[in-house]
Structure formats: structure tokens, C-alpha cells
Amino acid sequence: MSRLIIVGCVSLDTIHVDKNGIRTTYETLGGAGLYTALAGRVGGARVTLFAPKPSPMPRQLEIIDSVLDWYGPSCEPKALPQLEIAHHGGGKATLLNASWGAESLLLPEHLPEIKTGDIVHIAALSSARSQHDFLIHCRQQTDVTVSVGTYAKLVYQQTAEMRQIFNSSDLFFMNDNEARGLLEAHELELIRQHPKYFVTAGENGATVYDGEKRTTIAATSAIELDPTGAGDTFCGATLSHILMGKSLADAARYGCAIAALNVAHVGPTELLKMLQ
């Protein structure tokens, strides 16, 4: 059975959200790699998460280790990445602080064996260079689909590098703000064979660009509490169904549904609940 291999991180997050008009702060688990991997498992895929793995394992992360095939370089628990994010509503957020810690231990040559039919997703990392190194490594394999995600800081500060990665990938995931920074407006409408790409827009759903076909996917109704990781949740759930042979549009519909369920809860709480 083909696998979904996720390159990314598990992080310890501080999240600021508005709840009933009151600014509320939560300490929770996070990381683009974690959200993507959990959503992929929820979707029924066989998933391997390639991420720094703390030793000894902190109690709060034991559940992650139990539901995921978590493989990666060992690190001290305090070396895990730590992110602080403020949400402003309407899908807008600011990355206030980021300590990438043990992410530097992730090297392409240490990836688990990649086999024909696998999908490798390179989640958001601290630099476009790191993502590109993994992409080049994966391109040396035969019949492997390479997927990439991003975030606004990389798009707006390392635009040329991210455009190169975009053009070299098979599948690409971004939100509408990132799409505006990465592509000229008219380019969103161009007919492309590679990559096939997904642009999410929060309560406005998502758009799938599949060669000559452009499909708008309606958002699933949600009561938003914590939108952290919504795009990565969409990504993992969508990839799980692509791996099963579903069309890109049908896979994206499933991705929207799973993302809507998770944003109603803090962190990856709902994804973990669905796996227990």
C-alpha cells in the first residue's frame, strides 16, 4: 500500500484567539507537519511523519506517538520548535514568534525509504532552501508524487525561491493571501499541467487548479475557534483521498469538511479524537 510521507515538524504552540469578544491564549500542540499527518490518518491513509522526535517523550506528546508512524532524528524535548500565533478573524493571522529548534536536524538523506506510488508532502519549513533540498532528493526517486505547502513569510520574503519550488512540484497548497504573493493575478487562470494546485480561502472554501479545469469548492459550515493548521488539515485530508485515487475536486471537498471540524476546537484536538 502506498504511503503519505510528511516532512515537517511537531511544535509547541502559543495561540491567541478571540473567544466571545475576549482575547484568549492557549498552549497547545501544533506544527504544519503534525496537522497534515493527523489529517492524512483521519482520511485513512498510511502515513509516516518525518519530524524531530523528542527523547524522552513528553507526556503531552505520547498520544501523537501512539497514532502516527513518527520517524525522525532524536532531540531534547526543549529543542522542539515553538510558535506563537495571533489570529485576527477572517482567516488572517500573524506569526509573532518562531523558534525552529531541532528542525535543522531534518536532512533529506535521512528520509525513510520512498517507494513507487508514494506521495511525499514537504510541509512548511523555516526556509525555502530546506524545502528545495527535500524536493530535489525526492525527484531522484521513480514515480513519486511531490507535494509542497508554504506560508506567507516565505512567499513574501523568499518569493523567487518559492516560485521555483512551485514550478517543480506536482501538487502545491497555499491560501489566497499566499497565492497573491506567489503568483501574478493572471497566472491563477493559466492552464498548467504542473503543478496542480489548491488555493484555500477560509469561509469561502477552496479552488482547485487541475490543468484546464478550475473547480470551486464550497466551504463546510463551521464555528471557528482556532483556525491554526486549517490549511494543513485541508492538505493532509485532501492528500489522503488523492492517494486513494479520488479526483482532486472530490479530495478537496473531503479536505474542506475535515478542516471545518477541526477549527471548532483548540489545536489538533478534534483530529486526535477522530483517531482514538
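The values are calculated or read from the model by the stated rules, or taken from the named source; none is laboratory data. Since we're looking at a predicted model, the values are computed, not measured. Every residue, glycine among them, receives a Cβ derived from its backbone with ideal geometry; neighbour counts consider all protein chains shown.
Could you say whether any residue in segment 70-84 is under 28 Å from Ala260 (Cα atoms) and of a type in the set (A, V, I, L, M)?
Yes, because at least one residue in segment 70-84 is under 28 Å from Ala260 (Cα atoms) and of a type in the set (A, V, I, L, M).
Any idea which residue in segment 95-109 is farthest from Phe134 (Cα to Cα), counting only those that are exposed (fewer than 12 other Cβ atoms within 10 Å of the Cβ) and touching a strand residue (DSSP E or B) at 6+ places or on another chain (Cβ under 9 Å)?
Of all residues in segment 95-109, those exposed (fewer than 12 other Cβ atoms within 10 Å of the Cβ) come to 96-97, 109.
Narrowing further to those that are touching a strand residue (DSSP E or B) at 6+ places or on another chain (Cβ under 9 Å): 96-97.
Numbers: Leu96: 27, Asn97: 25 Å.
Here the answer is Leu96.
When segment 9-28 is examined, which residues are found to be out of contact with any strand residue (DSSP E or B) (no Cβ under 7 Å at 6 or more places or on another chain) and not charged (D, E, K, R)?
Narrowing segment 9-28 to residues out of contact with any strand residue (DSSP E or B) (no Cβ under 7 Å at 6 or more places or on another chain): 9, 19-22.
Correct list: Cys9, Asn20, Gly21, Ile22.
Inside segment 261-276, can you point out the residues that are free of Cβ contacts under 8 Å to residues at least 60 places away in the same chain, touching a Leu at 6+ places or on another chain (Cβ under 8 Å) and not aliphatic (A, V, I, L, M)?
Residues satisfying the conditions are His265, Glu270.
Residues that are within 19 Å of the chain's Cα centre (by Cα) and aromatic (Phe, Trp, Tyr): find the strands (runs of 3 or more DSSP E) completely inside segment 66-152 holding 2 or more of those.
Numbers: elements: 69-71, 82-89, 92-99, 119-122, 145-149.
So the answer is 69-71.
Does segment 231-238 include one or more residues that are modelled with pLDDT under 95 and surrounded by 16 or more Cβ atoms within 10 Å (Cβ to Cβ)? Spell out how you get there, then give the answer.
Residues of segment 231-238 that are modelled with pLDDT under 95, as a first pass: none.
The answer is no; no qualifying residue exists.
Return the residues of segment 231-258 that are touching an Asp or Glu at 6+ places or on another chain (Cβ under 9 Å) and without any contact (Cβ under 8 Å) to a residue 40 or more places away in the chain; say none if nothing qualifies.
Ser247
Select, from Met174, Met162, the only residue that is modelled with pLDDT of 95 or more, surrounded by 15 or more Cβ atoms within 10 Å (Cβ to Cβ), hydrophobic (A, V, I, L, M, F, W, C) and assigned to a helix (DSSP H, G or I).
Numbers: Met174 fails: assigned to a helix (DSSP H, G or I).
Exactly one of Met174, Met162 is modelled with pLDDT of 95 or more, surrounded by 15 or more Cβ atoms within 10 Å (Cβ to Cβ), hydrophobic (A, V, I, L, M, F, W, C) and assigned to a helix (DSSP H, G or I), namely Met162.
Only one of these conditions is not met by Cys235: (1) in contact with a Phe, Trp or Tyr (Cβ under 8 Å, 6 or more places away or on another chain); (2) not in a helix (DSSP H, G or I). Which number is it?
Failed condition: (2).
Can you tell me which residue within segment 54-64, out of those that are touching a residue at least 12 places away in the same chain (Cβ under 8 Å) and assigned to a helix (DSSP H, G or I), is nearest to Tyr35 (Cα to Cα)?
It comes out as Ile64.
Taking Val266, is it part of a loop (DSSP other than H, G, I, E, B), among the hydrophobic types (A, V, I, L, M, F, W, C) and under 18 Å from the mean Cα position of the chain (by Cα)? It would help to see each step written out before you state the result.
Numbers: part of a loop (DSSP other than H, G, I, E, B): yes; among the hydrophobic types (A, V, I, L, M, F, W, C): yes; under 18 Å from the mean Cα position of the chain (by Cα): yes.
Spelling it out, Val266 is indeed part of a loop (DSSP other than H, G, I, E, B), among the hydrophobic types (A, V, I, L, M, F, W, C) and under 18 Å from the mean Cα position of the chain (by Cα).
Are any residues in segment 206-217 part of a loop (DSSP other than H, G, I, E, B) and either within 16 Å of the chain's Cα centre (by Cα) or modelled with pLDDT of 95 or more (or both), and if so, which ones?
Restricting attention to segment 206-217, the residues satisfying the condition of being part of a loop (DSSP other than H, G, I, E, B) are 212.
Answer for segment 206-217, where residues must be part of a loop (DSSP other than H, G, I, E, B) and either within 16 Å of the chain's Cα centre (by Cα) or modelled with pLDDT of 95 or more (or both): there is none.
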